[in-house]
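Here is the structure we will look at, set down as structure tokens.
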Amino acid sequence: MRPVFTLFGDSITQFSFGPGGWGAALANDWQRHADIRLRGYSGYNTRWALHLLPHLFPSGGRPEDTPALVVVFLGANDATRPPPLRLQPEQSSRQHVPLEEYRRNLVSIIGAIRECGDGSARVLLLSPPPCDDVAWAQHCST
């Protein structure tokens, strides 16, 4: 059996199999050596991802159900800030997760993955893209 690599994240992961996407490049590089399983959820933050863990990474189970590698790419939505109140006072960020909660959520996600199957899954965390407050303010004002 080929090892399974699971890509778990938000829309950056969900759309990674599009033309020129990082998931497609990974699948191409590992063809005939590993199966790439896509588990991307557009709009999700780490808080919402916690609810998926029992379904995606059930604890225990058969050793052959254990992914060899899980790439976790979450955080872009967690870092989302609402538009400035003067522009859209009724809108708040449903996706924003405070930094300390984000950290705790990642620890929980890593723990659930490590308890999946026979516990041998490796975890690779990809950091979210940086926030540019000036560009965000400019975007909101146009």
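The values are calculated or read from the model by the stated rules, or taken from the named source; none is laboratory data. Small disclaimer: the values here were computed from a predicted structure and weren't measured. Note that each Cβ is placed from the backbone with ideal geometry, even for glycine, and that neighbours are counted across all protein chains shown. These accessible areas exclude ligands, DNA and RNA; they are computed on the full protein's heavy atoms, side chains included. Shrake-Rupley method; radii C 1.70, N 1.55, O 1.52, S 1.80 Å.
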Notebook entry, point to check: Once every DSSP H run of n ≥ 4 in the chain is given -39500 (n - 2.57) and the sum is divided by its residues, what mean residue ellipticity at 222 nm do you get, rounded to the nearest 500 deg cm²/dmol?
Noted result: -8000 deg cm²/dmol
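May I ask you to compute the full-extension gain from MET1 to ALA25, defined as 0.36 nm times their residue separation minus their alpha-carbon distance, rounded to one decimal in nm? Write down the numbers at each step before the final one.
Working: separation 24, 0.36 × 24 = 8.64 nm, distance 2.15 nm.
Here the answer is 6.5 nm.
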Notebook entry, point to check: How large is the accessible surface per residue of the stretch 4-140, computed with a 1.4 Å probe and reported in Å² as a whole number?
Noted result: 59 Å²
Checklist line | Loop-exposed GluC sites (Glu not before Pro) per DSSP, neighbour cap 16 Cβ within 10 angstrom, longest uninterrupted part of the chain | finding: 1-89
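Given 0.36 nm per residue, what is the gain on full extension from LEU52 to ASP118 after removing their alpha carbon distance, in nm?
Details: separation 66, 0.36 × 66 = 23.76 nm, distance 1.91 nm.
Gain in length upon complete extension: 21.9 nm.
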Item checked: Accessible surface of the stretch 4-140 [probe 1.4 Å, protein heavy atoms]: carbon and sulfur percent -> 56 percent
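Give the range of the longest stretch in the chain that excludes all trypsin sites (Lys or Arg not before Pro) found in loop regions by DSSP and having at most 12 other beta-carbon atoms within 10 Å.
Numbers: sites that count: ARG32, ARG86, ARG94.
The segment 33-85 is the longest one with no such site.
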Item checked: Relative intensity, log₁₀ I(q)/I(0), of the chain from a Debye sum that treats every alpha carbon as a point, q = 0.13 Å⁻¹ -> -0.63
Note to self: Take ARG104 and ASP35, extend 7 Å from each Cα along the Cα→Cβ direction, and tell me the distance between the two endpoints in nm.
What the structure shows: 3.7 nm
Notebook entry, point to check: From the backbone phi of the stretch 20-37, what are the Karplus-calculated ³J(HN,Hα) couplings (6.51 cos²θ - 1.76 cosθ + 1.60, θ = phi - 60°) in whole Hz, Gly and Pro given as x?
Noted result: x, x, 5, x, 5, 5, 5, 4, 5, 5, 9, 4, 6, 10, 8, 9, 9, 10
